[in-house]
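*Asks:* The structure that follows is given in the form of structure tokens.
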Amino acid sequence: YEYFIKRFAASEGHRGGEFYTPRSVTRLLVEMLEPYEGRVLDPACGSCGLFIQSADFVKSHGGKARQITVYGQENNQATWRIGRMNLAIHALAGDIRLGDSLLNDQHPGLKADFVLANPPFNEKKWGSHQVADDARWKFGTPPDSNANFAWVQHFIHHLAPDGRAGFVMSNGSLTSSQSGEGKIREAIVRDDLVDCIVVCPGQLFFTTQIPVSLWFLDRNKQSGSGRDRRGELLFIDAR
């Protein structure tokens, strides 16, 4: 199945890439986030590769796949069907719903232990006016010209009090100050949510040549690592 998806993404370019996040990226996200057990959410789940990788991670550490419960949402109906097929092939059950996560959140009350995602990069004219006063925009209203910080705040909104997130973002999200994005990013950093940023090599994705980074957020830096990491932010240049 994974071979088929990879070949399809390679041959179909952008259209095919909607189905596929490279295994190297999914593995790094999961290995760093360490979702041993709990609720795992992917609001842009595509073909559900991050869920499969999470289950593999749990099993590789002596656990069972049922230790995690997966929740997802996908806006493309064809991709949504392929994702559900992927879960079935790997004998995983999940609550995977169809719809636009930013405009029609299908898991509104969910507080996840882990959020894993590879959302669309630099999405323009995404319909911000439809959710202008949404409770998710704690750190500032994201601009319609770019949905990056709508996605970031969506992830934060769905984190449990001890929850952690790992997701892919374009490198522009690290420096952009257009339309208030810089102020939103600063507010998130000052709230001590950002745990680690990994700047990745280029040419990783079939869908785009845009360079990307992996963001890791932690709602409680006092727990889980053996020491208090409040006020710390780790940058890794992996180019």
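*Asks:* It is to be established whether one or more residues within the range 122-129 are of a type in the set (S, T, N, Q), out of contact with any helix residue (DSSP H, G or I) (no Cβ under 6 Å at 6 or more places or on another chain) and either in contact (Cβ under 8 Å) with a residue 60 or more places away in the chain or within 24 Å of Lys221 (Cα to Cα) (or both).
*Replies:* Yes, the range 122-129 has at least one match.
*Asks:* Quick one: which strands (runs of 3 or more DSSP E) lie wholly within the range 52-126 and hold at least 1 residues that are open to solvent by less than 10 Å² (accessible area, probe 1.4 Å)? Steps first, please.
*Replies:* Details: elements: 68-74, 94-98, 112-117.
Result: 68-74, 112-117.
*Asks:* If Val189 satisfies every condition in (1) on the phi > 0 side of the Ramachandran plot; (2) loosely packed, with under 14 Cβ neighbours inside 10 Å but one, which is the exception?
*Replies:* (1)
*Asks:* Considering each of Ser145, Ser225 in turn, give the residue that is among the polar types (S, T, N, Q) and at pLDDT 95 or above. Walk me through how you get there before you give the answer.
*Replies:* Details: Ser225 fails: at pLDDT 95 or above.
Among Ser145, Ser225, only Ser145 is among the polar types (S, T, N, Q) and at pLDDT 95 or above.
Conditions (1) assigned to a loop (DSSP other than H, G, I, E, B); (2) open to solvent by less than 50 Å² (accessible area, probe 1.4 Å), marked per residue:
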site: Ser176; (1), (2): yes, yes
site: Arg185; (1), (2): no, yes
site: Ile210; (1), (2): yes, no
site: Leu217; (1), (2): no, yes
site: Gln222; (1), (2): yes, no
site: Arg229; (1), (2): yes, yes
site: Glu232; (1), (2): yes, no
site: Arg239; (1), (2): yes, no
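*Asks:* When the range 19-51 is examined, which residues are found to be part of a helix (DSSP H, G or I) and open to solvent by less than 20 Å² (accessible area, probe 1.4 Å)? Quick ask: steps written out before the conclusion?
*Replies:* The first filter runs over the range 19-51 and keeps only residues part of a helix (DSSP H, G or I), leaving 23-33, 49-51.
Matches in the range 19-51: Val25, Thr26, Leu29, Val30, Leu33, Leu50, Phe51.
*Asks:* Can I ask one more? Taking the range 137-162, which residues are assigned to a loop (DSSP other than H, G, I, E, B) and surrounded by fewer than 19 Cβ atoms within 10 Å (Cβ to Cβ)?
*Replies:* In the first step, residues of the range 137-162 are kept if they are assigned to a loop (DSSP other than H, G, I, E, B); the result is 137-147, 158.
If the condition is that a residue be assigned to a loop (DSSP other than H, G, I, E, B) and surrounded by fewer than 19 Cβ atoms within 10 Å (Cβ to Cβ), then Trp137, Lys138, Gly140, Thr141, Asp144, Ser145 are the ones that fit.
*Asks:* Condition first: open to solvent by 40 Å² or more (accessible area, probe 1.4 Å) and either touching a helix residue (DSSP H, G or I) at 6+ places or on another chain (Cβ under 9 Å) or not in a loop (DSSP other than H, G, I, E, B) (or both). Can you find one or more residues in the range 163-171 that meet it? So that I can check it myself, show each step before the final result.
*Replies:* Of the residues in the range 163-171, the ones open to solvent by 40 Å² or more (accessible area, probe 1.4 Å) are 164.
Subsequent filtering for residues that are either touching a helix residue (DSSP H, G or I) at 6+ places or on another chain (Cβ under 9 Å) or not in a loop (DSSP other than H, G, I, E, B) (or both) retains 164.
Yes, the conditions are met somewhere in the range 163-171.
The values are calculated or read from the model by the stated rules, or taken from the named source; none is laboratory data. Predicted model only: the values in this text are computed from it and were never measured. Cβ coordinates were reconstructed from backbone atoms using ideal geometry, including for glycine residues, and neighbour counts include every protein chain displayed. Only protein heavy atoms, including side chains, enter the accessible area calculation; ligands, DNA and RNA are left aside. Shrake-Rupley method; radii C 1.70, N 1.55, O 1.52, S 1.80 Å.
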